[in-house]
Amino acid sequence: MLGLFGLFGRAPEIQRLDAAVRAVGLHPRLVPDAVKIAAVKLLRAHGATAPEDTARAAELLAYCMIGPDELAAATDQALADTVAACVDNAAETGEGLAAGLILLTLQAGVLQPQVVERHGLRVDPV
C-alpha cells in the first residue's frame, strides 16, 4: 500500500485518495496513514474502485474530520448538505461503505465532536 520503505512511492490508490481529500479542503497529511489504508480497503471490499467512488469517500472523510462548516467553506454548501444526508442515512442503517468510513473515523479518533452531536452517532457495545 505505501511502498517498500518508501522506495517505490505510495500506491496509486493512496495517491488518488490524497488528491481527492485535498480537493475537498482536507490536507492529506492530516489523514493518518492507517485511516487511508483502511479507507482504501473498505473501498475495495465494497467494490468501489472507480475514481468517483474515491471522491465520494474523500468527501465523507473530510466531512467527518473537518466538519460540515469547513467542508462547505472549502467546496460549497450543497455538497456539505449532500454528505450530511449520506451520514444520516448511514447512521440510520448502520450498513454500507459510508457507515464503514464513519466508524473508521470514529474508531481512529479523528471524527469531529460536532459531527457526532449533529448526527447522534454512537457505537453500540457488543
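Every read-out reported here was derived from the displayed coordinates using simple, explicitly stated rules and does not represent laboratory data. Note that the structure is a prediction, hence the values are computed from the model and not measured. Here the Cβ positions follow ideal geometry from the backbone for every residue, glycine too, while neighbour counts run over all protein chains shown.
Take the Cα of ASP81, go 7 Å toward its beta carbon, and the backbone nitrogen atoms of the range 54-68 under 18 Å from that spot belong to 60, 63, 68. Note on ALA74 and ARG22: the model spin-label points, each 7 Å out from Cα along the C-beta direction, lie 1.2 nm apart.
Taking the C-alpha atoms only, the angle from helix 96-108 to the longest principal axis of the chain is near 80 degrees.
Classified by the C-alpha gyration tensor, the chain has a prolate form. Its axis ratio a/c, with a ≥ b ≥ c, is 1.5 or above, and a/b is larger than b/c.
The mean sequence distance of close C-alpha pairs (under 8 Å, at least 6 residues apart), as a share of the length of the range 10-119, puts its relative contact order at 29 percent.
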